[in-house]
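To start, the structure under review is shown below, and the notes come after it.
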Amino acid sequence: MPVAELEALMMNLGEPRWRGRQLAEAMYCQRVTEMDAFTTLPKSVRGRLAESGWGVGRPEIVSVFKSADGTERYLVRGNDDQTVETVWMPEGDGGEAGDGSEVEVEGNSILPSSLLSEPVRKDGAPARIEDEAPTRVADRAPTRSWDRATICVSSQVGCAVNCRFCLTAKLGLQRNLTAGEIAGQVVAVLDRHGAEVGRDRVNLVFMGMGEPFLNYDHFMAAVRLLVEEVGISPLRMTVSTSGIVPGIERFAQEPDSVRPKLAISLNAPNDALREEVMPINRKWPIDAVVDAVRKVPLRPRERVTFEYVLLGGLTDRPEQAAEVAQLVRRAGLPAKVNLIAWNPGPGIEYFMPSFESVERFRCRLAGEGVPVFLRRPRGRDIYAACGQLKRTLKA
Ligand code: SAH
Ligand code: SF4
């Protein structure tokens, strides 16, 4: 609940308005997880809150899948029994590089080919699965072995957009998440890792299940909670959209103080191919998306990210890189391109790009003067990488 609602709740109980702010601080800053820990609140008020059915808590992390690369994928229970996925990536995936956040060192570094190889399964052993009882997270925070981390957050259960290369699309749209369920994923994962906002470098990417701009109000309410109450800077957050034009236009109206950075899933060099892999392109073709993006005011040094999934033999040819470069130049925006080698999933008939084709594509874009970065595939062995989130119950 945002502060205004907590204030109203307190006033309904005949308490002063400032009690609402006090509650917000206890829940979001001190991160208390039970009503009895609200020691500043008179016991009688706590009792009345509990009697009227109010509770304090986190979405439960019901399963944890651990990758050989340190990534963790969680199934997080929503307000009903549906689960969504949240991913913890210690050291990030390189996706934040070059978009204006101060935390990154810029540079078109070449990643070792091992990072683009098949999932790592040492000795052929399956990745570890840890089915955990939904206990309170503070009891089992893993020992700290990270300097910075990225949390990938879901905005819907499933997705209605139906991109042909994405496993989440196979679920269809089950429902929207509430603001509490979206922000709650972040807080539950921060708790699990004992992360402290302000001390630790934690970035958020709204790139999990779902299309954030098709759940706009709840998504933005969650961002406001995370900025204003949890204390995470919007410059440490990136939202990715498949190009929902009315959503981008609303986003352009948001004040700098709560507007995350923007990433657009371009994924093809022209409308014909984009339409093939992303049917939504028929509704909002590339030019319409770019026109909407131009309306988003950018902060100094901020850049828009164009994500580009490389589909082997289909969208990974060097001449297509030249087309992308032209498109980015024509957009006339401070922009960069994030390349993502396609991650495979059952029942999806595309091919992974070869390491050589990824490198050729990257070099061609860089040669055309377009800032380009390669996103490290994280947690492929546990179905945690981009486009693999489908509540898969095995590793
Ligand atoms: N729905 C939003 C955000 C979630 S998807 C969007 O589509 O932008 C995050 C990114 O993963 C998108 O850029 C998407 O194009 C990419 N993606 C989807 N499926 C993928 C796959 N199988 N392999 C690699 N990237 C994928
Ligand atoms: Fe939805 Fe994004 Fe997957 Fe497309 S890529 S189906 S928009 S989650």
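Being of a type outside the set (D, E) and modelled with pLDDT of 85 or more is the filter; apply it to segment 79-109 and report the residue that is surrounded by the most Cβ atoms within 10 Å (Cβ to Cβ). Quick ask: steps written out before the conclusion?
Of all residues in segment 79-109, those of a type outside the set (D, E) come to 79, 82-84, 86-90, 92, 94-95, 97-98, 100-101, 103, 105, 107-109.
Add one more test, that the residue is modelled with pLDDT of 85 or more, and what stays is 82-84, 86-90.
Values: Q82: 16, T83: 21, V84: 27, T86: 27, V87: 29, W88: 27, M89: 27, P90: 17.
Looking at the filtered set, the residue picked out is V87.
Go through the residues of segment 247-261 one by one and say whether even a single one is on the phi < 0 side of the Ramachandran plot, at pLDDT 95 or above and within 12 Å of ligand 2 (Cβ to nearest atom).
Taking segment 247-261 and keeping what is on the phi < 0 side of the Ramachandran plot, we get 247-261.
Those still in the list that are at pLDDT 95 or above too: 247-261.
Filter once more, keeping what is within 12 Å of ligand 2 (Cβ to nearest atom): 247.
Within segment 247-261 (the criterion being on the phi < 0 side of the Ramachandran plot, at pLDDT 95 or above and within 12 Å of ligand 2 (Cβ to nearest atom)), the answer is yes, since at least one residue qualifies.
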Review point. On the given criteria, is V223 part of a strand (DSSP E or B), modelled with pLDDT of 95 or more and surrounded by 15 or more Cβ atoms within 10 Å (Cβ to Cβ)?
Key: no
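Could you go through segment 336-344 and let me know if any residue there is of a type in the set (G, A, S) and either outside any strand (DSSP E or B) or not assigned by TED's automatic domain parsing to the domain that holds I264 (or both).
Scanning segment 336-344, I find no residue that is of a type in the set (G, A, S) and either outside any strand (DSSP E or B) or not assigned by TED's automatic domain parsing to the domain that holds I264 (or both), so the answer is no.
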Point to revise | Residue check for E228: at pLDDT below 95, under 30 Å from A26 (Cα atoms) and of a type in the set (D, E, K, R) | key: yes
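Look at G247 and say whether it is small (G, A, S), assigned to a loop (DSSP other than H, G, I, E, B) and touching a residue at least 24 places away in the same chain (Cβ under 8 Å).
Working: small (G, A, S): yes; assigned to a loop (DSSP other than H, G, I, E, B): no; touching a residue at least 24 places away in the same chain (Cβ under 8 Å): yes.
Taking the combined requirement at face value, the residue does not satisfy it.
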Practice item. Can you confirm whether segment 137-160 contains a residue that is under 19 Å from M278 (Cα atoms), surrounded by 18 or more Cβ atoms within 10 Å (Cβ to Cβ) and of a type outside the set (G, A, S)? Key: yes
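The values are calculated or read from the model by the stated rules, or taken from the named source; none is laboratory data. The shown structure was predicted, so the numbers you read here are calculated from the model rather than taken from an experiment. For neighbour counting, all protein chains shown are included, and Cβ atoms are generated from backbone atoms with ideal geometry for every residue, glycine included.
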